[in-house]
Structure formats: C-alpha cells, structure tokens
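J.: Attaching a single structure in structure tokens format; questions to follow.
The values are calculated or read from the model by the stated rules, or taken from the named source; none is laboratory data. The shown structure was predicted, so the numbers you read here are calculated from the model rather than taken from an experiment. Here the Cβ positions follow ideal geometry from the backbone for every residue, glycine too, while neighbour counts run over all protein chains shown. Surface accessibility is based on the protein's heavy atoms, side chains included, excluding ligands, DNA and RNA. Shrake-Rupley method; radii C 1.70, N 1.55, O 1.52, S 1.80 Å.
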Amino acid sequence: MLAVNSLCVDVSSQRLLDDISFTLKPGECLCIVGESGSGKTTLLKTLLGLMPFSQGQISYQFAEEDCQLNPGHQYLGLPGVSWVMQNPLAALNPLQPVGRAVAESLYHKSLSKQKEAERVAAAFRKVELSPELARRLPSQLSIGQAQRVCIARALVCLPEVIIFDEPLSALDAVVQKQIAWVIDGIKTAHRLSYLFVTHDLGFADAYADKILLLRDGCVEAYQPVEEFFSAPTSDYGAELIEAARILGSLDAPAAMAPVLLEASA
Amino acid sequence: MTDIETLPSVYEGSDGAELTALRRFLIRTGIGIMVFLGLYAMALLLTPYDPNTADFLSRLQSPGAAHWLGTDHLGRDVATRIIYGAGWSVGLALVISVCGAVIGVLIGLCAGAGPQWFDRLSMRTTDSFFAFPELIAAIAISGILGPSTGNMVLALVMVSWMRYARLTRSLTLVLNQKDFIVQARLNRLPFWLILWRHFLPNLRLGLLVLWTNMWSRTILSISGLSFLGFGVQPPQAEWGAMLVDGKAYMLTAPYLMIFPGLAVLITVLALNLIGDQLRDHIQKPVD
Amino acid sequence: MKKIANGVTGLICQRLAGLLAVMFGVSFLTFLLYYFAPGDKALAIGQARYSGEGDVQPEIIAMIREEFGLDKPFLSQFFHWLSPLLQGDLGRSLVSQEEVWLIVIPNLQETLTLSITALLLGLGLAFVLSVVSAQKPGSLMDRVAIGVASVGAAVPSYWLGLMLILLFAATLQWLPSYGSGSFSHLILPATTLALWVMTTQTRLFRSFLLEAQAAPHLEALRLRQVTETEIFWCHVLRHALIPAITMIGIELAALLEGAVIVEVIFSRNGIGSLFVSSVMSRDYPVIMCLVLLSAFSYVLINTLVELLQDAINPVKRVTRVVV
C-alpha cells in the first residue's frame, strides 16, 4: 500500500503542490487527471525522489518493506515502484540495445548473467515481445514495440506499483489500443497497483478504480470512478466530463442516453 | 576555426539509412588512412638516407634524381626529413589532442552531470584558461620551463583541453534532461557507470568532429612553436624546425622552405576536410 | 525555481561579476606560471640589477628575496605579487631596468597599427568572398571561395609570410622584407595577417548569410514584390551581421596571437616580437605583463561583445533566465 498524506512541494517560495493526500491499495488503479501545469508531473517526480517535498509524509507498506518518508529525506526511487515514461524513444538510450536497458533495472540485484538474461526474456514475453528483439537498438523498433520495452523494463524488477506518465499520448490510435490492452493484462496477471497519469477521461472511465483530479497543485476531487462520473463533487470535474462527452472521447452514460434522444427529437 | 557553437548537437536517434551512410564514410576514411600509413611505412623503410646524418659533400643540392626534394645546408635529404618529420608533427599532435580530449571530457562530464559547485568551479577555471591566447600561453609555458619537446607537449595540452570541456559540458547538459538518464538515476546506477554507458556513447560523434579539428590545429601549433624555437629542437627533423633552417637560404635554395610548408599544408588540409565531411554527415539528421 | 535577471542593470552586474572572477583566475594562473618557473628568481633579479659588478653578494640576494617576498609561502607570495599590480605598478624589466609600461606601450602601438590594418583588410576580403559565394550556393564562384577558405585555413601563417617575402621582396624586389616604419613595411605583414583573418571569417560569414537567407519572412517580402537586391542588402545582411559581430570581436583578441608569428618573421617591433624575445631572455616582469595584457584584453572584448549582443538581441535579454 502506498499512502501520501498532505504532501506539499515548494520551490523557491512558490507552492507547486498543496496538501495532496491519497492512498493506493494493492491491485488498485488510481488515475491522476488534470490539465497541463496542474502538478501531475511534479507529483510523480516527488514520489520518485527527484524533487524534495516540504511538508507531509509518503508511506508505503509492501511485502518486503515498510517505511515512512518525511520532508528532507533524501531518496531516489521507491523500492517496489517502477516508472513508465511518456515518450518511449526519449526514455531509451538511442545507442544501447534495448535488452541491456531492461537489464539495467536489475543492476542492484546482482544476478548472474544467465539469470539476468532469463528475467529479461520473461519480461519481454509478458509484454508480448519476442526476446530476440533484445539485441536491437531503439531506432530499429516501432514506437509501440519501444513502449512495450519500457513496460518490460518496469516489470522486470517485479514491482508492486507501476507509475505510468501518460504512456499512451505519444502513440497513434491503433497502437494506443494495443498498449492499453497490454497494460490492463499485466495488471490482473501480476496483481499490480497502478498510478496512472492521463488526459484521457475515456481511459480513466474504463480502467480506473479511483480518480484524483488536480488543478493548480490542489486536489479538486478524489472519488471512486463511478461516483466521479455520476456525481462529481466539483464544478471543474463536471465541466471536464461534459467537455469529454461533447468531444466523444467518453460515452454518455446509459441513464442519460434517452434524455439526450428526447432533447434532439 | 570551428567554434563550439557551430558544432553539432547530440546525435538524435535517427533512422538506419543515415547511420549506414555515416558508417560507410567512417569505413572509407579508415581504409584511406590505413593505405596512407602503409605507404608511409614503406617510405620509411625504402629511403636510403638517414634524416639526421650530415653529408657535407652534397650540401644544398637542388631537387633531382638522387634527392627528390633536394638537400639542406648540412647535406641531409629533405624528402627523408619530411617523412620523419611527419612522425613528430602528426604523431605528437595525436598524442597531445588525445591527452587534451581525455582531460577535457572528464572535466566536462563531471561539470555537466555532477554537483553544481563543481560545475561553477570548473567553468570559471575553463574560462580563465580560455582567456590566454593559445600560442601566447604555449610560448610562455614552454619558454619559461625551458624549450624542449616534453615542455611543448605539456604546454599544448594545457591550452587545448578547454574546448573539449566546454563542448562536453554543453552536450551533457542537454542529455541530462533526457528521460533515459533519469531512468538510469532511478535505477541507482553508480555515477561512473551512467557516464560510461549513457553519456559517453551519445557524445562521441560531436567529440570526434572536435577532435579531428583539434588534431589539425595542434599540427599547426607544433610547427609554429618549433619555428619560433620553443618546440622540437634541431637537429630533429620537424617541419617547423626545418623551415627555420631553410630560412637562411631563402634566395639560393627556396625549396628548403617550400616543401616542409607544403607538407604541413597538405596534412592539415586533409584532416580538416575529413572533419568537415564528418560534420556534414552528423549534422544532416539534425537539420 | 527561475527568476528573470533584474533588467539590463542586473545583466551587466552579472557579467561584470563573471569578468572579475575570470580576471582573478587569469592572474592566479599567470602567477602559477611564474611560481613554477625553474631557477632562482632572486639571483636572476640580482644579476640583472648589478650586472656590471661581477658576482652578486649573498646579502644582496637575501635583501632581494626579502623585497619580493620570495621566501614566503605560496599564497602570501601571490598577494605580494598582486598588490602592486592592482596599483598599476608592473615593475621593471630585468634586462633593461626600464619601467615595463615604457617598454610595452610603443610596442603596443605598433601591434595595434598592424592588427587593425589587417583586420579591416581581412574582413573586407572575407565580406566580398562570402557575399559572392552566398549569392548562389553551389555555383562555381561559391566552390572557389570555399576552396580558397579551406586551403587558407590549412596554411601555416609563418610559411605564408615567408612565401610572400620570397615572392615580393626577394624575387620581385617590390617591397622591403623586414623592419618597421614606413607604409611599405606594413604591406606584407598586414597582408599575411589579413589572409589569416579572411580564411577564418569567410566560411563563418557565408554560413550566417545562408542562414539569414533561409528565413521564412523573406518569402513574405518577395510576395510583396520587394526586389531581390533590396532583400539582400536591407534584410539578409542585417540578420547576418548580428552573429558576425561576435566573431569579429573574438577575432580581434585572437589577432594578437597571429601578430606574434608575423612580427617575428618580418622582424617588426611590436608586442609579439617583444614577447618572444623576453621569453628567450626570461624577462619575467615583461612576460607577465604581456600575458596578463593579452588575457585581459581577450576577456574584456568578450564581455563587451556579450553585452553588445544582449543590447542588439532583445529576445536574449528577456529569456535569459537565472536558475
């Protein structure tokens, strides 16, 4: 379980994140939604220790460890938490074979060469990639394959939580669908928890258990997904849902469909 | 003449065709250099003369069948001396530019990827070193320490590392923002391994261009310093030192000056052209 | 995280602070060179001062050591050396016992005459060549210009000077080969140096021109039927000049370097030949003065050029961000 308790981040006396709290239980998928500049990326960076936070706590209890982080604590990456980035081509070293990129996540496990290769091959299979692709450079893969490699890199160290930073937005529609399917498949297969940053309310509706809506560094809404869509607690949330419906990226709920039909008649 | 600003940025991941073109160019250049080195070795073996033994019976002979490029005031064969001189000029320049590159790249990497205080300190130091015009600093160092080949090497290394440091740092700062570097940090790889695996390979092409450029510059500097008397000392056959010897016989035997100068010119021109081609190959994908 | 530097004053202050730091570093490095020079400096000073009187007595050497602080630890020696320097006292030449300033200034005038003539001549040539070649990229003229610039960059300047002497002074006997004074003495050295300036500048200026020619807003001008000549002279050239100013500034500082070799070849008086002869005779006060002079002028010109750029380019002024 990952719990964040009234987290604040200040950079040169400017508050970027204000009083953020949420919990992520095993097997859960929490979607973080918000416009650009709302603090989504800052939140992820803070969780991973790339940015210091000034108030609050981050605590996590996993099978192996149990720990609480307080402000001023220096850390880099949480054990049991992996990260999949937005653009797979930027996330892979253009001059490193992708298999070695995946193996690098195992660096601190100090496995034998053979064991390491087995783990990498297993990770490749989990994301439905042929292990033979491990010798290629990122430029020799399609973008969908590259994103699968990134997911394999997150999976290879057997995490309990994976943080996805808009993993679909750099991809085109068909590939998006395939990757979404892979992401959903491994979640159920390995009982993972997801922290999922996205713009796409349709995706959130389909896969999320809870939704955290950020705006200007504050929590605008923190609700289970059904409640978020049927009874949004904030006006901003309702506005977002409406906008997504008009654009067609979100299906109108069944209860509302007749109303819409009547209106058009 | 190449300035840091005009050098290519980091080689972005590009498709295979450009990489192959680059590889083909590198292979062709490599073969050309090997052929040249073979010819050079043959010339060293086949020349019947010794570069430093005086032969007073055949002083100041004009170019002819026995001495293709003539003989100097001590009767030494100019062609042989030019061939041996290549070892000094080109070989020493190679050593110097490699030493400068190693020092500069190390400092640049640590400045770009390391702690902020080191960056500040090393960049102020680099600026201070940069302030001295290259030749003036080299003359001062090798002149004050005593003119000799060793001191010249030291002097030229001291005035050449800054360019590598600046280029490496600016390329490193760009790379530092890349996601794959962040990922390597999150994997908690040791600092040196991140430098070795992730930074260096992505810097190598930009550095290669600078290095060919610095190599040819250093050839010019070595012969210039030797010409002024602060570099390789006579009777060693160095191109710049040969020019000084020939200067006194400008009217009677102008070939003594013309040929060593031509040797410098052709070598530097060849290296510059290789560097330019290389840069064009690297820059294309960036355009 | 970021704050924009406080307007123009802030920017100037920032640049000046950097300038001071670098100047301090330069002085320190120069002193290091002196500190690590081999040989007993007190003995050298003593011998130079009392040259006519045979061996210098040990008491006098001890006195000199005291006077110059040569027996003190490294850092206090440094400040002992730095403090008169800050007051403008550069000491006396070991060779002639004259004030260093009095030796340097006439030589500086000679070098400036040479460099400025060469700079103007070289820039003029480079300008003509690059404008001609940028008119039609890829044409015969363009290739010839690039070829001249490439070969020129590979020619050692001392060799070029000697070849010019061989041709114009020795063979044709049109011009004097060495010495300084009249205008005819200036022609050959200035040409040598100018060719050096030209080769380094032509390709850079050509690339600036090509870049400026590719700017999309020129298409709009063409649609408004502005003539090509007007586009070139009023728009392309103006944009190409901004980066060119930087290069010219840096070139001015680098000219000192070229002057060393040219002055030696043509036996001209000037900073360069003074420098070489004082290094030969280990005249430390003169060496130090010249090294500092060249480094400071480089740093100063660089800072001025940067400030000028900030002034010309408002975008740079606004977006310069202090992290």
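J.: Given the structure, is residue C:277 more than 22 Å from residue C:187 (Cβ to Cβ), open to solvent by less than 10 Å² (accessible area, probe 1.4 Å) and not basic (Lys, Arg)? Let's see the steps before the verdict.
T.: Values: more than 22 Å from residue C:187 (Cβ to Cβ): yes; open to solvent by less than 10 Å² (accessible area, probe 1.4 Å): no; not basic (Lys, Arg): yes.
Judged against the criteria, residue C:277 is not a match.
J.: Out of (1) open to solvent by less than 30 Å² (accessible area, probe 1.4 Å); (2) modelled with pLDDT of 85 or more; (3) within 14 Å of chain B (Cβ to nearest Cβ), what's the single condition that is false for residue C:119?
T.: (3)
J.: Among the residues of segment B:139-193, write down those that are out of contact with any helix residue (DSSP H, G or I) (no Cβ under 8 Å at 6 or more places or on another chain), touching a residue at least 12 places away in the same chain (Cβ under 8 Å) and under 30 Å from residue B:235 (Cβ atoms).
T.: B:147
J.: Mind checking which residues of segment B:240-255 are open to solvent by 10 Å² or more (accessible area, probe 1.4 Å) and more than 7 Å from chain C (Cβ to nearest Cβ)? Even if it seems obvious, please write down each step before you answer.
T.: Just the residues of segment B:240-255 that are open to solvent by 10 Å² or more (accessible area, probe 1.4 Å), to begin with: B:242, B:244-245, B:247-252, B:254-255.
Selection gives B:242, B:244, B:245, B:248, B:249, B:252, B:255.
J.: Now for a different question. So which residues in segment C:184-221 are crowded, with 17+ Cβ neighbours inside 10 Å and not in a helix (DSSP H, G or I)?
T.: If the condition is that a residue be crowded, with 17+ Cβ neighbours inside 10 Å and not in a helix (DSSP H, G or I), then no residue fits.
J.: Filter segment C:162-183 for residues that are in contact with a Pro (Cβ under 7 Å, 6 or more places away or on another chain) and more than 7 Å from chain B (Cβ to nearest Cβ) and give the result.
T.: If the condition is that a residue be in contact with a Pro (Cβ under 7 Å, 6 or more places away or on another chain) and more than 7 Å from chain B (Cβ to nearest Cβ), then C:169 is the only one that fits.
J.: Can you tell me how many residues in segment B:35-56 are within 22 Å of the chain's Cα centre (by Cα), open to solvent by 60 Å² or more (accessible area, probe 1.4 Å) and within 17 Å of residue B:87 (Cβ to Cβ)?
T.: 3
J.: Which of (1) in contact with a helix residue (DSSP H, G or I) (Cβ under 7 Å, 6 or more places away or on another chain); (2) more than 13 Å from every other protein chain (Cβ to nearest Cβ) does residue C:155 not meet, given it meets every other one?
T.: Against the list (1) in contact with a helix residue (DSSP H, G or I) (Cβ under 7 Å, 6 or more places away or on another chain); (2) more than 13 Å from every other protein chain (Cβ to nearest Cβ), residue C:155 comes up short only on (2).
J.: Right, another one. What is the one condition in (1) within 12 Å of chain C (Cβ to nearest Cβ); (2) free of Cβ contacts under 8 Å to residues at least 24 places away in the same chain; (3) surrounded by fewer than 23 Cβ atoms within 10 Å (Cβ to Cβ) that residue B:229 does not satisfy?
T.: Result: residue B:229 passes all but (2).
J.: I'd like the full set of residues that are modelled with pLDDT under 80 and open to solvent by 60 Å² or more (accessible area, probe 1.4 Å), limited to segment C:74-91.
T.: Within segment C:74-91, C:89 is the sole residue that qualifies.
J.: Further question on the same structure: Restrict the check to segment A:157-164 and report whether at least one residue is within 25 Å of residue B:185 (Cβ to Cβ), in a loop (DSSP other than H, G, I, E, B) and at pLDDT 90 or above. If you could, list the steps in order and put the result at the bottom.
T.: Residues of segment A:157-164 that are within 25 Å of residue B:185 (Cβ to Cβ), as a first pass: A:157-164.
Add one more test, that the residue is in a loop (DSSP other than H, G, I, E, B), and what stays is A:157-160.
Checking the rest, the ones that are also at pLDDT 90 or above come to none.
Checking segment A:157-164: not a single residue is within 25 Å of residue B:185 (Cβ to Cβ), in a loop (DSSP other than H, G, I, E, B) and at pLDDT 90 or above.
J.: Let me ask you something else. Identify the residue in segment A:64-86 that is in a strand (DSSP E or B) and open to solvent by less than 40 Å² (accessible area, probe 1.4 Å) and, among all such residues, is nearest to the other protein chains (Cβ to nearest Cβ).
T.: Ranking the candidates gives A:83 first.
J.: How about segment C:76-178: which helices (runs of 4 or more DSSP H) wholly inside it have at least 1 residues that are touching a Cys at 6+ places or on another chain (Cβ under 9 Å) and of a type in the set (Val, Ile, Thr)? Show your work before the answer.
T.: On the way: elements: C:100-135, C:140-154, C:157-164.
Hits in segment C:76-178: C:100-135.
J.: If you check A:162, A:241, which single one turns out to be free of Cβ contacts under 8 Å to residues at least 60 places away in the same chain, β-branched (Val, Ile, Thr) and touching a helix residue (DSSP H, G or I) at 6+ places or on another chain (Cβ under 7 Å)? Talk me through it step by step, then tell me what you get.
T.: On the way: A:162 fails: free of Cβ contacts under 8 Å to residues at least 60 places away in the same chain.
Just one listed residue meets the conditions, A:241.
J.: Within segment B:201-214, can you find the residues that are open to solvent by 50 Å² or more (accessible area, probe 1.4 Å) and either of a type in the set (A, V, I, L, M, F, W, C) or modelled with pLDDT of 90 or more (or both)?
T.: Step one: of segment B:201-214, the residues open to solvent by 50 Å² or more (accessible area, probe 1.4 Å) are B:204, B:208, B:211.
Of everything in segment B:201-214, those that are open to solvent by 50 Å² or more (accessible area, probe 1.4 Å) and either of a type in the set (A, V, I, L, M, F, W, C) or modelled with pLDDT of 90 or more (or both) turn out to be B:208, B:211.
J.: Evaluate the following for residue B:185: is it open to solvent by 10 Å² or more (accessible area, probe 1.4 Å) and over 19 Å from the mean Cα position of the chain (by Cα)?
T.: Spelling it out, residue B:185 is indeed open to solvent by 10 Å² or more (accessible area, probe 1.4 Å) and over 19 Å from the mean Cα position of the chain (by Cα).
J.: May I ask you to say which residue of B:124, B:76 is within 20 Å of residue C:27 (Cα to Cα) and charged (D, E, K, R)?
T.: None of the other options fit; the residue is B:124.
J.: Answer with yes or no whether residue C:70 is of a type outside the set (Lys, Arg) and part of a loop (DSSP other than H, G, I, E, B).
T.: yes
J.: Residues of segment B:257-287 being open to solvent by 10 Å² or more (accessible area, probe 1.4 Å) and over 18 Å from residue C:152 (Cα atoms), which ones?
T.: Residues satisfying the conditions are B:279, B:280, B:281, B:283, B:284, B:285, B:286, B:287.
J.: Further question: I need the full set of residues from segment A:93-105 which are of a type in the set (A, V, I, L, M, F, W, C) and either closer than 12 Å to residue A:152 by Cα or outside the structural domain of residue A:134 (by TED's automatic domain parsing) (or both), in order please.
T.: A:98, A:101, A:102, A:103
J.: Has segment C:66-84 got any residue that is aliphatic (A, V, I, L, M) and within 25 Å of the chain's Cα centre (by Cα)? Full working, then the answer.
T.: Within segment C:66-84, the first condition is being aliphatic (A, V, I, L, M), and the residues that meet it are C:70, C:75, C:82.
Next cut, within 25 Å of the chain's Cα centre (by Cα) only: C:82.
Within segment C:66-84 (the criterion being aliphatic (A, V, I, L, M) and within 25 Å of the chain's Cα centre (by Cα)), the answer is yes, since at least one residue qualifies.
J.: Now a separate question. Could you list, in sequence order, the residues of segment B:130-143 that are hydrophobic (A, V, I, L, M, F, W, C) and more than 7 Å from chain C (Cβ to nearest Cβ)?
T.: B:130, B:137, B:138
J.: Would a scan of segment A:49-57 turn up a residue that is open to solvent by 30 Å² or more (accessible area, probe 1.4 Å) and over 21 Å from the mean Cα position of the chain (by Cα)? Talk me through it step by step, then tell me what you get.
T.: Start the filter on segment A:49-57 by keeping residues that are open to solvent by 30 Å² or more (accessible area, probe 1.4 Å), which leaves A:50-52, A:54-55, A:57.
Keeping just the survivors that are over 21 Å from the mean Cα position of the chain (by Cα) gives A:54-55.
The answer is yes, given that some residue of segment A:49-57 is open to solvent by 30 Å² or more (accessible area, probe 1.4 Å) and over 21 Å from the mean Cα position of the chain (by Cα).
J.: For residues in segment B:144-166 being hydrophobic (A, V, I, L, M, F, W, C) and farther than 15 Å from residue B:214 by Cα, which is nearest to the other protein chains (Cβ to nearest Cβ)?
T.: Out of the qualifying residues, it is B:144.
J.: Additional query: Among the candidates C:266, C:275, C:296, single out the residue that is within 9 Å of another protein chain (Cβ to nearest Cβ) and either free of Cβ contacts under 8 Å to residues at least 40 places away in the same chain or touching a Leu at 6+ places or on another chain (Cβ under 7 Å) (or both).
T.: When all the criteria are applied, what remains is C:275.
J.: Another one. Anything in segment C:253-263 that is among the acidic types (Asp, Glu) and facing chain B (nearest Cβ under 10 Å)? List them, or say none.
T.: C:257
Here's the yes/no breakdown for (1) open to solvent by 40 Å² or more (accessible area, probe 1.4 Å); (2) of a type in the set (Ser, Thr, Tyr); (3) closer than 30 Å to residue A:100 by Cα:
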| residue | (1), (2), (3) |
| --- | --- |
| A:147 | no, no, yes |
| A:154 | no, no, yes |
| A:157 | no, no, yes |
| A:160 | yes, no, yes |
| A:169 | yes, yes, yes |
| A:180 | no, no, yes |
| A:188 | yes, yes, yes |
| A:199 | yes, no, no |
| A:204 | no, no, no |
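J.: Take the residues in segment A:87-112 that are over 14 Å from residue A:134 (Cα atoms) and in a loop (DSSP other than H, G, I, E, B), then tell me which one is farthest from the chain's Cα centre (by Cα).
T.: Taking the candidates together, the pick is A:112.
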